[in-house]
Amino acid sequence: MADMGEMLAALLARRRSVRGFAADEVPAAQMERIFSHARLSPSNCNVQPWIVHVVSGGKAAEMRQALERAATERAEARPDFPLTQAYSGPYRSRQVDAAKALFAATGVEREDRQARYASFIRNFRFFDAPHAAFIFLPPWAGWREAADVGMYAQALMLSMAAEGLASCAQATLSHHADVVKHVLGIDEELGLLLGIAFGFEDRDHPANRTRTTRAPLAENHVFHR
Ligand SMILES: Cc1cc2nc3c(=O)[nH]c(=O)nc-3n(C[C@H](O)[C@H](O)[C@H](O)COP(=O)(O)O)c2cc1C
């Protein structure tokens with residue numbers, strides 16, 4: 001086996017947010033494998049608080065339509081967990097850099113509000129991915145369980161990357177949580193934290209030319225002794 005450290009580094013670098021997908025569905029065996037691997041994630045007291053609903057085919061089409069309608073018709077989002085209102089300082093700079101990179105790749109001018117809106121709305125169609133995973137928490141869950149779900153989500157996206165699949169974590173897929181639960185026909189008490197669009201990358205899609213960077217280690221890490 002190749003050096004595990006190198007393999008992990010390659011995998012971490014390979015995963016990136018993809019925002020344009022081919023129509024081809026992920027084969028059932030592969031689907032089962034990626035979710036089986038993700039479930040090896042750690043969690044507080046091993047309670048495994050992730051509750052995962054995956055849409056494909058007709059259900060995916062129904063979800064896309066319902067979410068796009070809610071996003072265009074509603075004045076405000078209705079998430080189960082409050083949205084971050086505004087970033088400031090270094091967080092704002094990083095957000096702006098990532099947005100600039102995406103808009104540069106897709107040819108959207110910063111002042112072009114209409115084009116920016118159209119780009120935002122693509123979120124609710126999960127960027128035309130054939131599948132989306134919606135990740136819920138049980139009603140009693142708090143911040144610590146949300147952290148568990150974050151670990152699960154990264155493990156899932158790395159499993160996908162290892163299999164040549166593309167993904168994009170999407171907070172936007174939780175903006176209209178009531179709509180998602182209605183389409184899935186599930187308990188309204190569950191808390192929708194995020195969605196993940198996934199499938200095969202459309203290599204010709206301009207949005208997929210985007211590459212993000214990371215702050216140097218010293219910017220947000222302190223090693224004490
Ligand atoms: C929890 C979470 C929610 C996200 N929500 C969205 C989203 O709604 N729409 C989107 O286009 N990207 C979303 N992203 C992707 C981030 O913008 C992306 O991870 C970041 O810019 C770093 O780029 P990379 O994933 O290509 O490395 C989200 C990422 C995470 C982890």
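Quick note: the coordinates plus some simple rules give every number you see, no bench work behind them. Note that this is a predicted model, so its numbers are computed, not measured. When we count neighbours, we look across all protein chains shown, and the Cβ atoms used for this are built from the backbone with ideal geometry, even at glycine.
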Next on the checklist: I need a count of the residues in the range 198-219 that are away from the ligand (no atom under 13 Å from the Cβ), part of a helix (DSSP H, G or I) and either β-branched (Val, Ile, Thr) or surrounded by 10 or more Cβ atoms within 10 Å (Cβ to Cβ) (or both).
Outcome noted: 1
Next on the checklist: I'd like the residue in the range 106-140 that is in contact with a strand residue (DSSP E or B) (Cβ under 6 Å, 6 or more places away or on another chain) and either aromatic (Phe, Trp, Tyr) or over 20 Å from GLU201 (Cβ atoms) (or both) and, out of all such residues, is nearest to the ligand (Cβ to nearest atom).
Outcome noted: PHE127
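Collect the residues in the range 73-99 that are in contact (Cβ under 8 Å) with a residue 40 or more places away in the chain and assigned to a loop (DSSP other than H, G, I, E, B), keeping them in residue-number order.
Matches in the range 73-99: ARG74, ALA77, PRO79, ASP80, PHE81, LEU83.
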Checklist outcome for this item: Scanning the range 136-175 for residues that are touching a His at 6+ places or on another chain (Cβ under 8 Å) and either acidic (Asp, Glu) or not in a helix (DSSP H, G or I) (or both) gives PHE136
Next on the checklist: I'd like to verify a number: residues in the range 13-31 that are away from the ligand (no atom under 16 Å from the Cβ), of a type in the set (A, V, I, L, M, F, W, C) and surrounded by fewer than 16 Cβ atoms within 10 Å (Cβ to Cβ), how many?
Outcome noted: 3
Checklist entry - Considering only the range 113-130, how many residues are assigned to a helix (DSSP H, G or I), touching a Gly at 6+ places or on another chain (Cβ under 8 Å) and farther than 20 Å from ALA101 by Cβ? => result 2
Item to check | Hits in the range 167-196 - residues which are under 21 Å from ASP24 (Cα atoms) and in contact with a Lys or Arg (Cβ under 8 Å, 6 or more places away or on another chain) | outcome: SER167, CYS168
Checklist outcome for this item: By residue number, the members of the range 159-194 that are over 18 Å from VAL55 (Cβ atoms) and within 12 Å of the ligand (Cβ to nearest atom) are ALA161
Next on the checklist: Looking for something part of a helix (DSSP H, G or I), without any contact (Cβ under 8 Å) to a residue 60 or more places away in the chain and more than 21 Å from ARG14 (Cβ to Cβ) - is there at least one such residue anywhere in the range 179-188?
Outcome noted: yes
Item to check | Total residues in the range 95-138, condition over 18 Å from the mean Cα position of the chain (by Cα), surrounded by 14 or more Cβ atoms within 10 Å (Cβ to Cβ) and not aliphatic (A, V, I, L, M) | outcome: 4
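Report yes if some residue within the range 64-76 is over 27 Å from HIS37 (Cβ atoms) and within 16 Å of the chain's Cα centre (by Cα); otherwise report no.
yes
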Next on the checklist: Quick check on the range 5-28. Is at least one of its residues assigned to a loop (DSSP other than H, G, I, E, B), within 21 Å of ALA147 (Cα to Cα) and in contact (Cβ under 8 Å) with a residue 24 or more places away in the chain?
Outcome noted: yes
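Determine whether the range 48-66 contains at least one residue that is more than 27 Å from VAL183 (Cα to Cα), in contact (Cβ under 8 Å) with a residue 60 or more places away in the chain and not small (Gly, Ala, Ser).
There is no residue in the range 48-66 that is more than 27 Å from VAL183 (Cα to Cα), in contact (Cβ under 8 Å) with a residue 60 or more places away in the chain and not small (Gly, Ala, Ser).
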Next on the checklist: As an exercise: evaluate ALA153 against (1) surrounded by fewer than 21 Cβ atoms within 10 Å (Cβ to Cβ); (2) under 10 Å from the mean Cα position of the chain (by Cα) and give the number of the one condition it does not meet.
Outcome noted: (1)
